[in-house]
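What follows is a short report on a single structure.
The values are calculated or read from the model by the stated rules, or taken from the named source; none is laboratory data. These numbers come from a predicted model, not from an experiment. Cβ placement follows ideal geometry from the backbone for every residue including glycine, while neighbour counts extend to all protein chains displayed. What goes into the accessible areas is simple: the full protein's heavy atoms, side chains included, and nothing from ligands, DNA or RNA. Shrake-Rupley method; radii C 1.70, N 1.55, O 1.52, S 1.80 Å.
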Amino acid sequence: MSATVKLGLGLLASKGILPKEEMIQVFQECLVELGFTNQNNRLIQNGTVIGTLTIKDRIILSMNRASVNQNLNQIEKIRTLFAHRAEVAQKDCIYQKEQAINQSKQNLETYNKLVKELDEEKHNMQKALERQQKDSCEAIKEELIEAAINNGYEVEEIKNKESQVQLQLVRREY
């Protein structure tokens, strides 16, 4: 002859309510506050085993169906306190992740700015190296033209009959 025992199941913590480690920590704090202990995944109150906890993505309490009615009030206290604490922990978790995202965004912006500055510096260095390899007169002419343009002048290059170069700087204001 075989006997069967019907088990009562109660969901104490929903899947995804918090990251797993944080969910377990908040749950343990709730148990301590309400006078429960978790020993080897057994929920105990005042030395009495209430049921067995399954702690994975969610927390489920399995207990003998006969004891469900006796412990229903205590189970609801655990669920209610956990729900309140989980809500606070969720807000804190979301806030921390938003701050990390903002920090990453700022770091990315700083990184992009540094990359842009480096690219400009490499370009300027390459241009200066090319200029350095030209003859002295051509190099100084290019330096003067670049400086004038950077200061808002238009530059006209005029060659006279003797192959001399004259630079005319014009600033136009509109």
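Computed values, structure above
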quantity: One residue from I44, I75, I60 being in contact (Cβ under 8 Å) with a residue 12 or more places away in the chain, more than 30 Å from E142 (Cβ to Cβ) and either aromatic (F, W, Y) or not in a helix (DSSP H, G or I) (or both); calculated: I60
quantity: Any chance I149 is assigned to a helix (DSSP H, G or I), under 30 Å from L169 (Cβ atoms) and β-branched (V, I, T); calculated: yes
quantity: Matching residues in segment 145-174 - criterion: being among the β-branched types (V, I, T) and touching a residue at least 24 places away in the same chain (Cβ under 8 Å); calculated: V165
quantity: Filtered residues of segment 86-144 (kept if within 30 Å of C30 (Cα to Cα), open to solvent by less than 90 Å² (accessible area, probe 1.4 Å), without any contact (Cβ under 8 Å) to a residue 40 or more places away in the chain and not aliphatic (A, V, I, L, M)); calculated: D92, Q99
quantity: Which listed residue, of I24, I60, is among the β-branched types (V, I, T), under 22 Å from Q90 (Cβ atoms) and more than 25 Å from the chain's Cα centre (by Cα); calculated: I60
quantity: Of all residues in segment 6-21 being open to solvent by 70 Å² or more (accessible area, probe 1.4 Å) and over 33 Å from the mean Cα position of the chain (by Cα), the one that is farthest from H84 (Cα to Cα); calculated: K6
